[in-house]
Each structure stands twice: as C-alpha cells, then as structure tokens.
Amino acid sequence: MSGARVSRAPDFYWGSFKLSLARYHLKLAGLCILLGLSACSQKPGNQGAVHLTSKLTSPIDILLEWTPASGDVAGYALDYATEPNGAYVTFQYLPADQTHFTHPRLMSQTSFYYRVRPIYGQVTGPLELRLSPQLSDAAYKAAFDKGEDYRWAVPRIEPRAPAALFPLTGKDADKAKPSDLNGTYMPVSVSGFQLSWTDHSSDEAGFLVEAKSDGDKSFVAQSVLPPNTNTTGFALGPPHRKTTVRVRAYYLGPASNLESKTTGDDPSP
C-alpha cells in the first residue's frame, strides 16, 4: 500500500491497547486508539459466515486466507490471541478486496489463534487534503522530522447541536451515515489537519478514518476511534502532499471460525 498517511507501522499504545500501523503514526501517537474496543463490538446479522484457513509459510510466518463476506462489506478486522479462549487483539484492518494476509516474524515456538470479522457501516463522501507547495521537499521532511506537539489531535467529542440518530442496521441505515466531513489545516503542524464530522449513528462500534492516495487501489483504515467521536487529527507524511480521507461509522459482523498454528524455531542466525 502506498500513499500519504498518518502512519505506516510503528507500535503505538493507548492505555493498555496496542495498534500496529504505519511508521508515520509514531509522530501522531494520539490518533489511532482503542483497537481492543472493537474486539467485543460485534453485531449479529444476516451476512454470510467467513471461512478462515491458515498455514505456515516459514517457521515464523503464518499466511491467513479467508472467503469473502457477503453483503456490502467495507473491510476485514484480523484478530489474534495466544490462547484459544484468551483476549483477542485486533492487529490489522484490511480493505474489502483483500482476503489474505501474512502475519510475519512471529515469536518462535508459540501457538497463535486467529479469527476474521467483516466490517460494515456507513461512510461519508471523500474529502481531499492538500498541503501548500510553499515548502521544498527537503524543508518539508526536515520540519516533519523535528517532531511536534499533537495534543490538539487527540480524538474527542465536541459539543454540537443535537442530530437525529439512526441504527446502522435496518431500513434507515443510510440515514446513519456521518455527514459534514471537514478538514482544517493546523498551522502549528507542518502537515496536520483537524477532521470533524456530524455523528448520525446510534449504535456504532466506533469510527474509522480511511485514506486513499495516488497509486492506492482502495481506501484503507488509518485511525480507529471510539463511539461518539466527532473530531480527530490526521497528518500526511513526506513526500506526500495530498490524500483523500473519509470517515466510517462501523460495526463488526460475525466472526469466522478459529484457526491456529504453532510456530517453529526462528531460522535467523
């Protein structure tokens, strides 16, 4: 996956929850939160079950493959645990057109248990974020690498005029779509934008900030936010100066079957 985003894959912690996303999220450590929240936010529905398979492609790499979910699926959440009845952690959010993923460089001699859950929900229209061309590429990167205070970017609930709320399932699901998505450039940041929207869903598991840049095939979740959130920060990373974002009120469909594999010895010298 290519393109401008807040992140690409450092480990980030919010409370006791861990999210592994793109490296630029190391700079915006307040934006991707509460992945563990989604692990218990699942709704029954008439969507078809997802069938998951797994295999070791090396002693410490596990390939996961699954059948596509039915219905208007927006993506997939991959969960894992190290015990069959343990606490499952969502470690990856993937677009709807991807039905395989390799979990790489795992701990040796360890059992991993997996499940996949389809993501459903309602999404805003796209919004393009574009940085001013005033800075040269070198100056942009240098400013970005200095580090910034991103306390302004922490997801939160801003007081707004009351809006009508609708469930994400049922005949009025289209009315539960978030609206009025807006992005405001923050001058205190070299590449940060304040995103805001109006919440119209009554039962979301949370919100996903999805991004798609030039060269990307599809939108991919970049930030995972708790229910009722209506504002958060988002930043581009060098060399990218524009991207398109949207916000999804989401819920999770029924989980797949559980799959398990036990890793072997680490082949690294």
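The values are calculated or read from the model by the stated rules, or taken from the named source; none is laboratory data. Just so it is clear, the structure is predicted and the values come from calculations on it, not from any experiment. Cβ coordinates were reconstructed from backbone atoms using ideal geometry, including for glycine residues, and neighbour counts include every protein chain displayed.
Details
Per-residue answers, yes or no, for (1) surrounded by 18 or more Cβ atoms within 10 Å (Cβ to Cβ); (2) in the same structural domain as Leu52 (by TED's automatic domain parsing):
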| residue | (1), (2) |
| --- | --- |
| His103 | yes, yes |
| Phe112 | yes, yes |
| Pro118 | yes, yes |
| Leu131 | yes, no |
| Ala142 | no, no |
| Gly147 | no, no |
| Arg151 | no, no |
| Arg156 | no, no |
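- Filtered residue count, the range 74-116, keeping only those that are in a loop (DSSP other than H, G, I, E, B) and among the basic types (Lys, Arg): 1
- Filtered by the rule that a residue be among the aliphatic types (A, V, I, L, M) and part of a loop (DSSP other than H, G, I, E, B), the range 59-73 gives Ile60, Ala69, Val73.
- Take the conditions (1) surrounded by 13 or more Cβ atoms within 10 Å (Cβ to Cβ); (2) assigned to a loop (DSSP other than H, G, I, E, B); (3) modelled with pLDDT of 95 or more; (4) of a type outside the set (S, T, N, Q); Gly125 misses just one of them, which is (1).
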